[in-house]
Amino acid sequence: MSEHPLWWELAALAALLVLSAFFSIAETAMMAVNRYRLSHLVSEGDRSAKRVAELLSRTERLLGGILIGNTLAIAGATTVAGFVALRLFGEDRLVVFLSPIVVSFLIIVFSEITPKVIGATHPERAALLLSLPVKVTLRLLDPAAWFINLFARPILRLAGIRPEARSETPKLSPEEIRTLVLESSSFMPKKHLSILLNLFDVGAVTVQDIMVPRARIESVKLDDDLETIVRQLATAYHTRLPVFRDALGEVVGVLHLRKVIAALPTRTLDKETLESMLAEPYYVPAGTPILPQLQYFQENRENIALVVDEYGELMGLVTLEDIIEEIVGKFTTSVPSAAPALSWDEDGSAAAEGTLPVREVNRALGLSLPTDGPKTLSGLIVEHLQDIPEADVSIKIGNVPMEIVHAQGRTVKTVRLFRPVEPVENTEPSEA
């Protein structure tokens, strides 16, 4: 009986190496494919994507079948390579020793590393392309996989793994979603990226974080003479103004300038008329999260709320516009009397008003000053100093050096911040 040609064995060896490469690239691509992108393709009716999703829904069957097929292919390639070596070089001991080494090299290069790199580099394309062959192969290998799983399942159960549970699309944590958004920053406008990032933080923001402090509220005082009040109404930047009665700061209502303008043709403007136009003030606790507050504004057609502390003392004012700007960023024109936008100067410093919210300073300068305590820059400095602030005093909060430029009473009016060079763990203030 004549021997078959040598090229038959060489062709069989090459075919087995290709088969092993097929299983390697299929395994890597299936495991690396983006599940969310795959779900999108399935929703669009892509047949290949549906096959991939079906295969991934039973990870045990998929991996078991691929590993069985790959193991059989490698075993076959090793056996055929031994026959080829014996036919070419005889039954020499060196040949018997080198034959497994050579075939292992071929398997590692052509059936493992190369296909797995391809599968990891183009997982979606490879998974979709190989989905049909993999599905057919798994059906052929189902009997062998069933027999092997009889022994594998008890071991998995001992390890606390339930292989019968179907694989589901993993749920991402907020931080993981935030990372995905940041990694996609090159594919979206900067403004859109900023809005998405703001949405991750908005749940922890309270009205106290974004309110206009009491000292900066534009208001009307009924104790002033009528001429002063009229002049103030004529030059007011806002359309709704809180109205105070006395030096103790009693809020008697909120005045809408539209009502004043509508009444001018028919009524004489005096203090009694102004009081009759006042709307009942709406108070909100300082710790109210801004999302429930936004919902309240929408449901009750309100636009303004007065923020009070636990003792009922007025702390500030928050508007619907303030909440929206916290999410989408500044979109209105600046108040004429407001300070210029905060930014670093060429010398690496930035001058800021003490009344600025710490969150605003962090956002404008890219800092990480603590926001869980005092809400204004002045309050933060006074808390760290634990003393009455004085001009020309330097402190360091976190890794941010700063110098008090102007102080009045117990408040810091102006402070100069310096760009941090190195993070420093010690946050205790130091006087210069």
(message) Test of understanding: given the chain, find the longest segment containing no chymotrypsin sites (Phe, Trp or Tyr not before Pro) that are in a DSSP loop and have at most 14 other Cβ atoms within 10 Å.
(response) 1-236
(request) Take the chain, connect every pair of alpha-carbon atoms lying under 10 Å apart with a spring to form a Gaussian network, then pick out the residue of Val103, Val308, Val284 with the largest mean-square fluctuation. (result) Val103
(request) Over all directions, average the projected area of the Cα convex hull of region 34-107 and note it in nm². (result) 6.8
(request) Can you run the Rg to Rh ratio on region 216-309? Use alpha carbon positions and the Kirkwood inverse-distance Rh. (result) 1.00
(request) Name the residue farthest towards the positive end of the dipole of the chain from the options Pro281, Ile108, Val308, assuming +1 on Cβ of Lys and Arg, -1 on Cβ of Asp and Glu, about the Cα centre. (result) Ile108
(message) Which one, Pro357, Gly409, Pro374, is farthest towards the positive end of the dipole of region 349-418 when Lys and Arg carry +1 and Asp and Glu -1 on their Cβ?
(response) Pro357
(request) Tally the DSSP beta bridges in the chain and give the antiparallel ones as a percent, rounded to 5. (result) 85
(request) Taking the convex hull of the Cα atoms, report for the chain its projected area averaged over all directions, in nm². (result) 36.9
(message) For region 349-418, compute the orientation-averaged projected area of the C-alpha convex hull (one quarter of its surface), in nm².
(response) 3.8
(message) I need the GluC sites (Glu not before Pro) found in region 2-67, filtered to DSSP loop residues with at most 11 other beta carbons within 10 Å of theirs.
(response) Glu3, Glu44
(message) Could you identify which residue out of Met402, Met211, Met31 has the top mean-square fluctuation in a GNM of the chain using Cα springs shorter than 10 Å?
(response) Met31
(request) For region 182-244, report the convex hull volume of the alpha-carbon atoms normalised per residue, in Å³, without decimals. (result) 121
(request) Mind putting a number on the dipole of the chain about its Cα centre? Charges go on the C-beta only, +1 for Lys and Arg and -1 for Asp and Glu, and I need it in Debye to the nearest 20. (result) 2400
(request) Please label the shape of region 97-243 as rounded, prolate or oblate, based on the square roots a ≥ b ≥ c of the eigenvalues of the alpha-carbon gyration tensor (a/c under 1.5 means rounded; beyond that, a/b larger than b/c means prolate, else oblate). (result) prolate
(request) Please state the charge dipole magnitude for region 349-418, taken about the Cα centre, from unit charges on C-beta atoms (+1 on K and R, -1 on D and E), reported in debye and rounded to the nearest 20. (result) 200
(request) Any chance you could count the Lys pairs in the chain whose alpha carbons are under 17 Å apart, treating pairs 8 or more apart or on different chains as valid? (result) 6
(request) Rank Val96, Val318, Val205 by mean-square fluctuation in a GNM of the chain with C-alpha springs under 10 angstrom and give only the top-ranked residue. (result) Val96
(request) Over every pair of different alpha-carbon atoms in region 6-158, take the mean of 1/r and invert it; report that Kirkwood radius in Å. (result) 16.9
(request) Show that you can apply the helix-only estimate: for the chain, add -39,500 (n - 2.57) for every DSSP H stretch of four or more residues, divide by all residues, and state [θ] at 222 nm to the nearest 500. (result) -16000 deg cm²/dmol
(request) Quick one: order Thr376, Thr179, Thr266 by neighbouring beta-carbon count within 10 Å, fewest to most. (result) Thr266, Thr179, Thr376
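Rule-based calculations on the coordinates, nothing more; no lab input. Here the structure is a predicted model, which means the values were calculated and not measured. Positions of Cβ are generated from backbone atoms using ideal geometry, with glycine treated the same way; all protein chains shown enter the neighbour counts.
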